[in-house]
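S.K.: What follows is a structure written as structure tokens; I'll ask about it next.
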Amino acid sequence: MRTRLSAVTAVIAVLLTACGGTPSTQPSASTGPKADIKVGLAISLTGAANIYGPSQQNGAKLAMDQINAAGGVDGAKIALVVEDDASARDQGITVFRKLINEDKVAAILGPTLSGVAAGAHPVAQQAGLPVIAISNTGVGIVGKCDYGACDWIFRASLGEETALPAALKAAKDKLNLKKVVLMFESDQKFAADGADIFKKAAADNGITIARTIPYKTADVDFSAFVTQAKGESPDAILASGLAGTASKVLVEVGKQFPQGLRVVGSNGFNSPAVITAAGAAAPNMIVGTAWNKASTDKTNADFVKAFKDKYGSDPDQFATQAYTAMVVLADAMKRSGNASDKAALKKALEGTKDLATPLGAFSFTPEHDVKQPVFVMTVKDGQFVPFN
Amino acid sequence: MAEQLYNAIFVGSIYALFAVGFALVFSVLDILNLAHPVVFMLGAFVALFFMSTFGLPAALAAVAAFAVTGMFGIFLDRVAFAPLRRRGAPPLSAMISSLGFAIVVIRLMELRYGPDLVSYPAGSLPQTVLQIGDARLDGLRLLIIGLAIVLMVGLTYVVRATQLGRDIRALAENPRAARLLGVDVDRAIAATFFISSGLGGVAGALLGFAYNAIYPQMGTPYELKAFTVMVVGGMGSLPGAVLGAYILGIGEIAALVFLPAELAELRDALAFGLLFLVLVIRPRGLLGHRVADRA
């Protein structure tokens, strides 16, 4: 018995520590002529967030190819150096150090997860190297950062602080929401922050949160949570979670509210895979997003077509934001006059104003956060469509 | 309340199907098979494969999932456990070996299917809702609960009342003695892995059906829960695993229903607090016997 119990204890220890996945290093992008401007791309190709990394890589590469084909930055080509942060904070720090010290990149895009960014961004901040966050939507990425000054960090991804209140406001205006239930994935910092944003936005809009229901990433079944929510007879459910749990919430709402109940979701809901998984329940969703794939704006339509031609599938928001960040970076490099002068590049990035991108007119706020339109979307016939 | 009880029984049934397979291998061979969550995931994908490639109905796809993951279990044993067993490696090595095997398979599945959520073909899953009074019960879940119970009863029958079951129990008692008594030990080991993995695979397919969203890492979160279930029920006891599974399922949902909203965060703390208590107070679990001891 003793050996068995110690075996169990050992397993639990292994499980708790080994959930980071296997770090692996992506071969660096080709190094062409000497004058190449290296740009680091630190993304999650393995680990928990490996859903997003490949999309981001495709988006950034497409932008690089287009920029290089159009003459690069004053004749110099951009060369992406792709590194896998393995969805792990320590690995993120390691690859940031490598990109800065060994590859001597001019700027870095990434990393994929907010939690990894919180570890890796300070490395670049200390080195005085511009970083554009391409998918971090949590709080504390730019502006006021937990680790102190973060004036070298920019963000091209629409934060939850902007997206969630916009979605809730739109829902309230149209549906006259008074009483809601808030569900959130409490063991994910990102989702828990989203819940706080929802709470504040609900208070601002005069909406009562009748009950708050935390759940965990590892929860198997969501019927009990939704049954619990049903007991409050809410006008809608607010839900903050990652994609894996988002579809489960929607599926359960679909089963238990046959007449339909709106779910105002966080960024985790903003995924075509969630629509497919939720099936008939997907149209309940309302979500504030950074991008409308179907937007007929020419910059967007051209991007969607080019992406499809190159990869054979539609881009998702992660690809689009990575693409946009690369475009924004190249634009700033051109305006800076000298791409290797980091201070000049930072200043040029700060001057980004109403640049035409697939996300719409793109600017940076004084806090280095993205300023762009918010698209509040719902689902119809298996596609995201504007809510209004 | 009736709805919540129904929900709890459903969760308990999935935990139970997952945990009995886990407990079976442990009770017979004294190893923790850390590749069990992979088998669970494979079951969901095998069902998907048969449904989307051959247009099999969900029920037959679940049977296929049982058979294929069962065979996979035998393969798993040959690759990850048998070589270690031959050289008498300690159980810890077997555990690590199965963990490594699990990671490799998950990566392969991610290469094939991508890491994102995958869904079953549209319209391939039954969608009936039973309306009983105010409660709306999902028909598919009722089927799943029923099937889980049938499978567990079947397993008990096989272990207790068949020649194969006697061989497995003899093996659990003492492999050397079993071999001397003429038990085909290799066959009994293969059967153990077949049954264990088949049940895990079916559980994966059924949970996949219930949520229509499967992904290569879907089994991972169940591992800690399965440990809890096994420790609470009694290491290696099959009825213990089932009992532990329903206790955990009902306990989790009772915590959700009865805890005041401000304390809702403590739900998991209760579940794992239970694990802790059992380890400290009653280390052999509620029904702590091995299969062999109940002969």
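S.K.: Tell me which of A:VAL116, A:ASN338, A:SER271 sits at the most positive position along the dipole axis of chain A, charges placed on C-beta atoms (Lys, Arg +1; Asp, Glu -1).
M.R.: Value computed over the given set: A:SER271.
S.K.: Could you put A:GLU161, B:GLU252 in order, starting from the residue whose Cβ has the fewest other Cβ atoms within 10 Å?
M.R.: Going from sparsest to densest Cβ surroundings: A:GLU161, B:GLU252.
S.K.: May I pose another question? Give the lysines whose C-alpha is closer than 20 Å to that of A:LYS216, dropping any in the same chain fewer than 8 places away, or say none.
M.R.: Within reach: A:LYS189, A:LYS199, A:LYS230, A:LYS248, B:LYS225.
S.K.: Quickly work out the B:ASN174-to-B:VAL104 label distance, labels modelled 7 Å from Cα along the C-beta direction, and quote it in nm with one decimal.
M.R.: 3.5 nm
S.K.: Could I ask something else about it? Computed FRET efficiency, Cβ-Cβ of A:LYS298 and A:ASP341, R0 30 Å: what is it to the nearest 0.05?
M.R.: Once the sixth-power term is evaluated, E becomes 0.35.
S.K.: I need the phi-derived Karplus couplings for the stretch A:272-286: 6.51 cos²θ - 1.76 cosθ + 1.60, θ = phi - 60°, integer Hz, Gly and Pro marked x.
M.R.: With the stated coefficients, the stretch A:272-286 comes to x, 5, 5, 4, 4, 5, 6, x, 5, 8, 4, x, 5, 6, 10 Hz.
S.K.: Quote the convex hull volume per residue of the protein assembly as shown, based on C-alpha atoms, as a whole number of Å³.
M.R.: About 158 Å³ per residue, rounded to a whole number.
S.K.: Which value, in Å³ per residue, describes the convex hull spanned by the Cα atoms of the stretch B:114-172?
M.R.: 192 Å³
S.K.: Turning to a different aspect of this structure: Can you tell me the dipole magnitude for the stretch A:161-289 around its Cα centre, using point charges on the Cβ only (Lys, Arg +1; Asp, Glu -1), in Debye to the nearest 20?
M.R.: 320 debye
S.K.: Once amide H atoms are placed 1.01 Å from N in the peptide plane, what residues at a sequence separation of 5 or more from A:VAL263, or on another chain, have their amide H within under 5 Å of its amide H?
M.R.: Residues meeting the criterion, in which the H sits 1.01 Å from N, are A:ILE237, A:MET285, A:ILE286.
S.K.: Can you find, among B:GLN217, B:PHE66, A:LEU62, the residue farthest towards the positive end of the dipole of the protein assembly as shown? Put +1 on the C-beta of Lys and Arg, -1 on that of Asp and Glu.
M.R.: B:PHE66
S.K.: Something else now. Relative contact order for chain A: what percent, with Cα pairs under 8 Å and sequence separation of 6 or more?
M.R.: Computed value for chain A: 16 percent relative contact order.
S.K.: In Å, the Kirkwood hydrodynamic radius of the stretch A:233-296 over pairs of distinct alpha carbons?
M.R.: Result for the stretch A:233-296, one decimal place: 11.7 Å.
S.K.: Taking H as built 1.01 Å from N, whose amide H comes closer than 5 Å to the amide H of A:ILE213, not counting residues under 5 places away?
M.R.: A:LEU182, A:MET183, A:PHE184
S.K.: Just the number, please: Stokes-Einstein D of the stretch B:99-227 in µm²/s, Kirkwood Rh from C-alpha pairs, 37 °C, 0.692 mPa s.
M.R.: Estimated diffusion coefficient is 185 µm²/s.
S.K.: For chain B, what value does the Rg/Rh ratio take when both radii are computed over Cα atoms and Rh is the Kirkwood radius, given to two decimals?
M.R.: Computed over Cα atoms, the ratio is 0.97.
S.K.: Next up: Tell me, A:VAL274, A:VAL376 in order of fewest to most beta-carbon neighbours within 10 Å?
M.R.: Fewest-to-most ranking of A:VAL274, A:VAL376: A:VAL376, A:VAL274.
S.K.: How big is the Cα convex hull of chain A in projection, averaged over all directions, in nm²?
M.R.: Result: a mean projected hull area of 20.9 nm².
S.K.: When the dipole is taken about the Cα centre of the stretch B:36-137, and only Lys, Arg (+1) and Asp, Glu (-1) are charged at their Cβ, what size is it in debye, to the nearest 20?
M.R.: Around 480 debye, computed over the stretch B:36-137.
S.K.: Using a Gaussian network model of chain B whose springs link C-alpha atoms within less than 10 Å, name the residue from B:ALA191, B:ALA161, B:ALA23 with the highest mean-square fluctuation.
M.R.: Highest fluctuation of the listed residues: B:ALA161.
S.K.: May I pose another question? Once label points are set 7 Å from the Cα along Cα→Cβ at both B:LEU263 and A:ASP354, what is their separation, rounded to one decimal in nm?
M.R.: Each label point lies 7 Å from its Cα, and together they span 5.8 nm.
S.K.: Build a GNM of chain A with springs between Cα atoms under 10 Å: which of A:GLN256, A:GLN372, A:GLN57 gets the top mean-square fluctuation?
M.R.: Among A:GLN256, A:GLN372, A:GLN57, the largest mean-square fluctuation in the Gaussian network model of chain A belongs to A:GLN256.
S.K.: If you don't mind, there's one more thing I want to ask. Could you give me the percent of Cα pairs per 5 Å distance bin for the stretch A:154-213, shortest bin first, beginning at zero and ending with the bin that holds the maximum distance?
M.R.: Going from the shortest bin to the longest, the percentages are 4, 18, 28, 24, 16, 6, 3, 0.
S.K.: Just report the Cα centroid separation between the stretch A:124-170 and the stretch A:176-199, whole Å.
M.R.: Cα centroid to Cα centroid, the span is 19 Å.
S.K.: Would you mind pulling out the separation of the Cα centroids of the stretch A:363-388 and the stretch B:1-52, in Å?
M.R.: 40 Å
S.K.: Further question: Given only helices, namely DSSP H runs of n ≥ 4 each adding -39500 (n - 2.57), what is the per-residue ellipticity at 222 nm of chain A, to the nearest 500 deg cm²/dmol?
M.R.: -13500 deg cm²/dmol
S.K.: Where a Cα-Cα gap under 24 Å defines reach, which lysines qualify for A:LYS308, not counting those fewer than 8 residues away within the same chain?
M.R.: Result set, ordered by chain and number: A:LYS61, A:LYS77, A:LYS293, A:LYS298, A:LYS380.
S.K.: While we're on this one: Given H placed 1.01 Å from N in the peptide plane, which residues other than close sequence neighbours of A:ALA133 have an amide H under 5 Å from its amide H?
M.R.: A:GLY110, A:PHE154, A:ARG155, A:ALA156
S.K.: Roughly how tilted is helix A:2-17, in degrees to the nearest 10 and between 0 and 90, from the longest Cα axis of chain A?
M.R.: Between the helix axis and the principal axis of chain A, the angle is about 60 degrees.
S.K.: Continuing with this model, one more query. Please compute the alpha carbon radius of gyration of the stretch A:87-235, then divide it by the globular-protein estimate 2.2 N^0.38 Å. Two decimals is fine.
M.R.: 1.27
S.K.: Just how large is the dipole of the protein assembly as shown about the Cα centre, in debye to the nearest 20, putting +1 at every Lys and Arg Cβ and -1 at every Asp and Glu Cβ?
M.R.: 1060 debye
S.K.: Sorted from fewest to most neighbouring beta carbons within 10 Å, what does the list A:HIS368, B:HIS36 look like?
M.R.: The fewest-first ordering by Cβ neighbours comes to A:HIS368, B:HIS36.
S.K.: Output needed for the stretch B:15-102: three equivalent-ellipsoid semi-axes, defined as square roots of 5 times the C-alpha gyration tensor eigenvalues, in descending order, whole Å.
M.R.: Equivalent ellipsoid semi-axes, largest first: 28, 13, 10 Å.
S.K.: Given the options A:PHE384, A:ILE197, B:ALA148, identify the residue whose Cα lies farthest towards the positive end of the charge dipole of the protein assembly as shown (+1 on Cβ of Lys, Arg; -1 on Cβ of Asp, Glu).
M.R.: The listed residue farthest towards the positive side: B:ALA148.
S.K.: Related question: Taking 2.2 N^0.38 Å as the expected size of a compact globular protein, what ratio does the Cα radius of gyration of the stretch A:161-289 give against it, to two decimals?
M.R.: 0.91
S.K.: Taking a quarter of the surface of the Cα convex hull of the stretch A:217-259, what do you get in nm²?
M.R.: 3.0 nm²
FYI, it's all coordinate maths here, none of it is from the lab. In this text, all values refer to a predicted model and were calculated from it rather than measured experimentally. Here Cβ is always computed from backbone atoms with ideal geometry, including for glycine, and neighbour counts include all displayed protein chains.
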